[in-house]
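Report on the structure given below.
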Amino acid sequence: MIEGVWLWVAFALMAMTTVGTRGSFILLGEKGRLPPALQRALRYAPAAALSALVMPDLLIDGGEVSPLNPKFAAGLVVLAVALRWRNPWLPFILGMAVLLAMRKGLGW
Amino acid sequence: MESAFRRGAREGLRDFLPISVGLVPWAMVTGIAMRSIGLTELESLGMNLLVYAGTAQLGALPLIAAGAPLWLIMLTALALNLRFVIFSAAIAPVFHDSSFARRLASSYLLVDGVFAVGVDKLLKAEDPHWRWGYYIAPSAFNWCVWQGCTALGIFGAEFVPRDWSLEFMVTIALMVMVLPMVRTRPMLVAALVGGLGAVLLRGLPLRLGVVAGIALGIAAGFAAEHWQQRGRRS
């Protein structure tokens, strides 16, 4: 465990990556224009990034790729609920309910 | 007559509000997670104010708990924040006539949700006052919701049972955000390739698999758009 001053140094270094990445092109201003083709390609970044964070969590169970796990099942429920109803809380409630039911109820 | 800034601010908030709901559990989970590895309330609040990047914070926590070297913690935070370089490049034209102070504030405040919801409208808008309102209002709102709900998690951490798998709410929040984006086929291709790429490349060191997956997804989406257009022409 990192403690004391070094912990705050770690936070400061992490903060630098936050402003450094988010500000990279915004702070450069006019000097940092990207070619239009690259800008068009970058429209795909958010979808690719969010999915790259979600899918490993759903598909990898105990270090192995396996769709037969409670998180994947809960993920399918979240997908179905979010596509079917507009209520913003429902995916959270039903997704967590399925995960907890499988983990606790069925001991998976 | 309402000013352009206020019209922009109101429209930005209205567009962003549905997304911000997903932020609540995510922020609370992050607050609980920081306390659960042994950070004090003050350290957790400080990390949240300074870093202000949920994914990087969550990703760095295991390394902090394990006493990993500082450069590794920084590199991991950098890898998890790298997608913002891409967002920053895409949204930069919006700020080309803004002051340095505004650009600095906009940089610290740039988050996935506001970018995803607003980038198209921002790039099309002509009025700089409207643009500033449309960007800064939901961004500031996001900051307040994030800091407030994380504080709830930090101070409420003791009262939530440990075995509730609350960290899965993070994944649910990310799923709810990606769904409205993948309405077109190239976007769907980008998401599928990005996700599966990150799964298959998870063995890369320093969690670079996520970054590699994102790059693959972008390339695949762009290629799919290209083929779709060519198919229409012939």
* Structure fact -> Given 20 °C, 1.002 mPa s and a Kirkwood radius over Cα pairs, the Stokes-Einstein diffusion coefficient of the protein assembly as shown in µm²/s is 104 µm²/s
* Asked: Can you give the net charge of the other residues whose Cβ lies under 15 Å from the Cβ of B:Leu13, counting K and R as +1 and D and E as -1?
  -> +3
* Residues whose placed amide H lies under 5 Å from that of A:Asp61, excluding near-sequence neighbours -> A:Ser66
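Based on the Cβ-Cβ distance from A:Leu79 to B:Leu104, what FRET efficiency comes out when R0 is 45 Å, to the nearest 0.05?
Numbers: r = 38 Å, r/R0 = 0.85.
It comes to 0.70.
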* What is the magnitude of the charge dipole of the protein assembly as shown about its Cα centre, with +1 placed on the Cβ of each Lys and Arg, -1 on the Cβ of each Asp and Glu, and no other charges, expressed in debye to the nearest 20? -> 1140 debye
* **chain B - mean residue ellipticity at 222 nm from DSSP helices (-39,500 (n - 2.57) per run, n ≥ 4, rounded to 500)** => -26000 deg cm²/dmol
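Taking each pair of distinct Cα atoms in chain A once, what is the resulting Kirkwood hydrodynamic radius in Å? Write down the numbers at each step before the final one.
Working: mean 1/r = 0.0558 Å⁻¹.
Answer for chain A: a Kirkwood hydrodynamic radius of 17.9 Å.
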* Asked: Once you put a point 7 Å from the Cα of B:Arg6 and another 7 Å from the Cα of B:Glu126, both along the Cβ direction, what distance in nm separates them?
  -> 2.3 nm
* **Leading residue at positive end of dipole, the protein assembly as shown (Cβ point charges), from B:Ala190, A:Thr17, A:Leu100** => B:Ala190
* Structure fact -> Among GluC sites (Glu not before Pro) in the range A:1-78, those in a DSSP loop whose Cβ has at most 14 other Cβ atoms within 10 Å are A:Glu3
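Looking at the range B:1-62, which trypsin sites (Lys or Arg not before Pro) are DSSP coil and have at most 14 other C-beta atoms within 10 Å of their C-beta?
Working: sites: B:Arg6, B:Arg7, B:Arg10, B:Arg14, B:Arg35; in loops: none.
Listed in order of number, the matching sites amount to none.
In the P(r) worked out for chain B, what percent of Cα pairs fall beyond 28 Å?
On the way: 10380 of 27261 pairs.
Summing the P(r) tail past 28 Å for chain B gives 38 percent.
If we count every other residue with Cβ under 15 angstrom of A:Phe72's Cβ, Lys/Arg +1 and Asp/Glu -1, where does the sum land?
Cβ neighbours under 15 Å give a net charge of -1.
For chain A, what does -39500 (n - 2.57) per DSSP helix run (n ≥ 4), summed and divided by total residues, give at 222 nm, in deg cm²/dmol to the nearest 500?
Result for chain A, helices only: -22000 deg cm²/dmol.
None of the figures in this text is laboratory data; all of them are computed from the coordinates on show. Being a predicted model, the structure only gives us computed values, none of them experimental. In this analysis, Cβ positions are derived from the backbone assuming ideal geometry, glycine residues included, and neighbour counts consider all displayed protein chains.
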